[in-house]
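Peer 1: Below is the structure I would like to discuss, written out as structure tokens.
The values are calculated or read from the model by the stated rules, or taken from the named source; none is laboratory data. None of the values given here were measured: they were computed from a predicted structure. Quick reminder, even Gly has a Cβ in these numbers, built from the backbone with ideal geometry, and neighbours come from all protein chains shown. Just the protein is used for accessible areas: all its heavy atoms, side chains included, with ligands, DNA and RNA removed. Shrake-Rupley method; radii C 1.70, N 1.55, O 1.52, S 1.80 Å.
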Amino acid sequence: MKRFQIIAILLAATALSASAAPKFAVIRVKDIYSALPSTAGLQQEIKKERDAIMKSERATELRKIINELQGLQAKLSDKEHPLDEATGRKFARSYEIKRQEAQTLQKEFEDFRAEQEKQINRKMVDGMRASLDSIMQASRKVAKEKGYDLVFDGSGNTNTGVAFVLSNKNSPDLTDDVKAVMKDAAASAPAAPEKPKSESSKKH
């Protein structure tokens, strides 16, 4: 079995040496992705949605009850102005009720935030995938037009943080060419249809 593997390797090496050497080039995918208008738009949209979570009714109500708890706790622990026994019991009872209410609201808010974060992360991944697909298509087009056999991402890292391209000596960089192709494609693309306004937005 090993003999057949060695023969196959030798045949492949002979075929490679007999043909013209493949032409290599690199692009910086990270730089292209960062410069895309869609990337900035996606980041702004994600930030807006995350801010909306903290401004939601659940978050507002939770902050309100936490402030009330802090106020009750301050009165119960104020040694300079101690409460009489009846008032102390009343405040302690109110504090315990508020504390249980806060725990319930905290759980509801955490569940709500986790679900919203799932949707936001899904949107972020979908947006990144769409942009990377566009970069790949533009890279293939540029490579074909310029006659390159292989194009590597010079800015990419593996899961261990090690760069994909460990050594690069004077390889042509097609980053600007890919950016130009994507810019032309975006300029010639039809405008996206305007989203219809929801009923709630019409009322406001």
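Peer 1: Please go through region 113-128 and give me each residue that is closer than 18 Å to E57 by Cα and open to solvent by 80 Å² or more (accessible area, probe 1.4 Å), ordered by number.
Peer 2: Residue satisfying the conditions is E115 alone.
Peer 1: Based on this model, can you work out whether A180 counts as assigned to a helix (DSSP H, G or I), surrounded by 10 or more Cβ atoms within 10 Å (Cβ to Cβ) and in contact (Cβ under 8 Å) with a residue 60 or more places away in the chain? Give the derivation first.
Peer 2: Details: assigned to a helix (DSSP H, G or I): yes; surrounded by 10 or more Cβ atoms within 10 Å (Cβ to Cβ): yes; in contact (Cβ under 8 Å) with a residue 60 or more places away in the chain: no.
Here the answer is no, as A180 does not meet what is asked.
Peer 1: What is the residue count in region 32-48 for residues that are surrounded by 16 or more Cβ atoms within 10 Å (Cβ to Cβ) and in a helix (DSSP H, G or I)? Before the answer, list the steps.
Peer 2: If we filter region 32-48 for residues that are surrounded by 16 or more Cβ atoms within 10 Å (Cβ to Cβ), which is where we start, we get 32-33, 36, 42.
Applying the additional criterion that residues be in a helix (DSSP H, G or I) yields 32-33, 42.
Matching residues across region 32-48 total 3.
Peer 1: Would you check if E110 is open to solvent by 50 Å² or more (accessible area, probe 1.4 Å), modelled with pLDDT under 95 and farther than 16 Å from K30 by Cβ? Before the answer, list the steps.
Peer 2: Numbers: open to solvent by 50 Å² or more (accessible area, probe 1.4 Å): yes; modelled with pLDDT under 95: no; farther than 16 Å from K30 by Cβ: yes.
Criteria not met by E110.
Peer 1: Within region 118-158, can you find the residues that are β-branched (V, I, T), over 29 Å from P22 (Cα atoms) and either in contact with a Ser or Thr (Cβ under 9 Å, 6 or more places away or on another chain) or part of a strand (DSSP E or B) (or both)? Break it down into steps so the answer makes sense when it comes.
Peer 2: Taking region 118-158 and keeping what is β-branched (V, I, T), we get 120, 125, 135, 142, 151, 158.
Now restrict to residues that are over 29 Å from P22 (Cα atoms): 120, 125.
Within region 118-158, none qualify.
Peer 1: Within region 20-31, count every residue that is open to solvent by 50 Å² or more (accessible area, probe 1.4 Å), within 20 Å of D133 (Cβ to Cβ) and touching a helix residue (DSSP H, G or I) at 6+ places or on another chain (Cβ under 9 Å).
Peer 2: Matching residues across region 20-31 total 2.
Peer 1: If a residue must be under 36 Å from the mean Cα position of the chain (by Cα), in a loop (DSSP other than H, G, I, E, B) and exposed (fewer than 13 other Cβ atoms within 10 Å of the Cβ), how many such residues does region 49-82 contain?
Peer 2: Residues meeting the conditions: 1.
Peer 1: From the list A114, A86, which residue is farther than 30 Å from S34 by Cα, among the hydrophobic types (A, V, I, L, M, F, W, C) and without any contact (Cβ under 8 Å) to a residue 12 or more places away in the chain?
Peer 2: A86
Peer 1: Condition first: open to solvent by 70 Å² or more (accessible area, probe 1.4 Å) and within 31 Å of the chain's Cα centre (by Cα). Now tell me which residues in region 83-105 satisfy that.
Peer 2: Q103, T104
Peer 1: OK, next. Of these, S131, S56, which one is among the hydroxyl-bearing types (S, T, Y) and closer than 30 Å to D176 by Cβ?
Peer 2: On the way: S56 fails: closer than 30 Å to D176 by Cβ.
S131 is the lone residue from the list that is among the hydroxyl-bearing types (S, T, Y) and closer than 30 Å to D176 by Cβ.
Peer 1: One residue is enough: does region 138-148 have a residue meeting the conditions under 30 Å from A25 (Cα atoms), open to solvent by less than 50 Å² (accessible area, probe 1.4 Å), touching a Leu at 6+ places or on another chain (Cβ under 7 Å) and of a type in the set (V, I, T)?
Peer 2: Yes, some residue in region 138-148 is under 30 Å from A25 (Cα atoms), open to solvent by less than 50 Å² (accessible area, probe 1.4 Å), touching a Leu at 6+ places or on another chain (Cβ under 7 Å) and of a type in the set (V, I, T).
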